[in-house]
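Remarks on the structure that follows.
The values are calculated or read from the model by the stated rules, or taken from the named source; none is laboratory data. A quick note: this is a predicted structure, and the numbers were derived from the prediction, not measured. Positions of Cβ are backbone-derived with ideal geometry, glycine not excepted, and every protein chain shown enters the neighbour counts. What goes into the accessible areas is simple: the full protein's heavy atoms, side chains included, and nothing from ligands, DNA or RNA. Shrake-Rupley method; radii C 1.70, N 1.55, O 1.52, S 1.80 Å.
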Amino acid sequence: ELGDHRHYMHKEIFEQPQAVIDTLEGRISQEHVLPSAFGYQAESIFKEVKQVQIIACGTSYHAGLVSKYWFEDIIGLPCSVEVASEYRYRNPVVQDNTLFVTISQSGETADTLAALQQIKQVANEKNVSTLTICNVPESSLTRESDLTFLTHAGPEIGVASTKAFTTQLVALSLLVTVIGKLQKRISERRETIIVKGLQKLPGLIQSALAHEEVVKEIAKNFSDKDNALFLGRGTMYPIAMEGALKLKEISYIHAEAYPAGELKHGPLALIDENIPVIAIAPHNDLLEKLKSNLQEVKARGGQMIVFEDEQSNVGSEDGLHVVKTTTNVGRITAPITFNVPLQLLAYHVALIKGTDVDQPRNLAKSVTVE
Ligand code: F6R
């Protein structure tokens, strides 16, 4: 079943172009997101939504965080994202007309399920509707939600989530677009631009995967390190968080992610030649700011690996190794594409360290107890 792959995680990373195709299938036409993508009941619900509350754990939580940037930036709809284990125990204020979205690969995560069950108790009074973005049909979350969007990633066996995350982001981009369209927050032209971008995504992921050999070389610098720092701004901040999570869970290297602008508020004190710093540097409005953050790291002797796109031109120099990852600069497709080399990095570091990649110590694929 593994084919040419040594591990399920590797196989699943390489299945991502197909997982995206399968998740888009039947959900978009050439130029539009199909109204039925979230079920026929969705239309009347989405028209009334005033804000979105996303609840998830782990990698699925990171997908939610990326989408917060999209909801607020692209369609101007307020969006909050929180880990389920916090949300369920803190008596959160529930606003009227909230769309409550749970995101989960397994559909069985205990905290996420409990948060959903709790919100349902006030759903009528507050006009709250529930949607789950889930990879497993007939799971607890799909049974308990008003609306279901199934990511068609196929079975994910590796404990470290990869293709499920990518398809969750695809699902969220469709959700942003559909709500934006129904509430007239985006033009048809904009919708078509988003749809065209999504159609390019499998090819973009494929070209990012083609950088595996370069990433494998970089991985050699990590195997003797105890710590790593991931930096990003905007949507690349949650992508940095996801990169750090992948590295820590399968290679057991302590990794942290920071929004690059927070460096001087503390983590800069950590920087020396022993801590590799990984930065994600797409060509966008924040690039110049990120470049000055990189100089702050460089001035302290830090060793940096920068993933950029064809237009970023960060420029390699001493202590700063730049890898061109993608030709892409789209607001929705960029975070999805930039995540791929970070998955490969975690995988190759773990291979060198000889850990149990598909079954990391102390972790379970489906977390059905809190
Ligand atoms: C990380 C990972 C976990 C899960 C988390 C939520 O690679 O797999 O962090 O993302 O346990 O699981 P689901 O998505 O099944 O609710």
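Things worth noting here:
- Where HIS265, HIS7, HIS254, HIS348 fall by accessible area, highest first, once all protein chains stay in place (1.4 Å): HIS265, HIS254, HIS7, HIS348
- Principal axis dimensions, the chain - Cα atoms, whole angstrom, descending: 58, 43, 43
- Distance from region 211-254 to region 96-141 (C-alpha centre basis), Å: 31
- Anchor LYS220: aspartates and glutamates whose Cα lies under 14 Å away (excluding residues fewer than 8 positions away in-chain): GLU212
- Dipole moment magnitude, nearest 20 debye, the chain about Cα centre, only Lys, Arg, Asp, Glu C-beta charged: 620
- Along each principal axis, taking the top coordinate minus the bottom one, the Cα set of region 136-253 gives 52, 36, 24 Å in descending order.
- Karplus-based coupling profile of region 247-264, in residue order and whole Hz: 5, 5, 6, 9, 10, 6, 8, 5, 9, 10, 10, 9, x, 3, x, 8, 3, 6, with θ = phi - 60° in 6.51 cos²θ - 1.76 cosθ + 1.60 and x standing for Gly or Pro.
- Largest to smallest principal axis extent of the C-alpha atoms in region 232-305, angstrom: 33, 26, 21
- Charge dipole magnitude, Cβ of K and R +1, D and E -1 - region 94-175, Cα centre, debye nearest 20: 120
- Only protein heavy atoms count here; on that basis, with a 1.4 Å probe, LEU175 has an accessible area of about 0 Å².
- Distance from region 163-188 to region 11-51 (C-alpha centre basis), Å: 7
- Bridgeable lysines around LYS264 (alpha carbons under 18 Å apart, same-chain partners fewer than 8 residues away excluded): LYS289, LYS291, LYS298.
- More than 19 Å apart - percent of Cα-Cα pairs taken over region 1-103: 61
- Candidate lysines - alpha carbon under 30 Å from LYS126, same-chain residues fewer than 8 apart omitted: LYS47, LYS50, LYS68, LYS181, LYS184
- Debye-sum result for region 23-75 in log10 I(q)/I(0), which assumes one identical scatterer on each alpha carbon, at q = 0.24 Å⁻¹: -1.16
- Carbon and sulfur %, accessible surface of the chain computed with the full protein complex present, 1.4 Å: 48
- For the chain, calculated [θ]222 nm from helices alone, where every DSSP H run of n ≥ 4 adds -39500 (n - 2.57): -13500 deg cm²/dmol
- The convex hull of the Cα atoms of region 78-211, projected and averaged over all directions, covers 9.6 nm².
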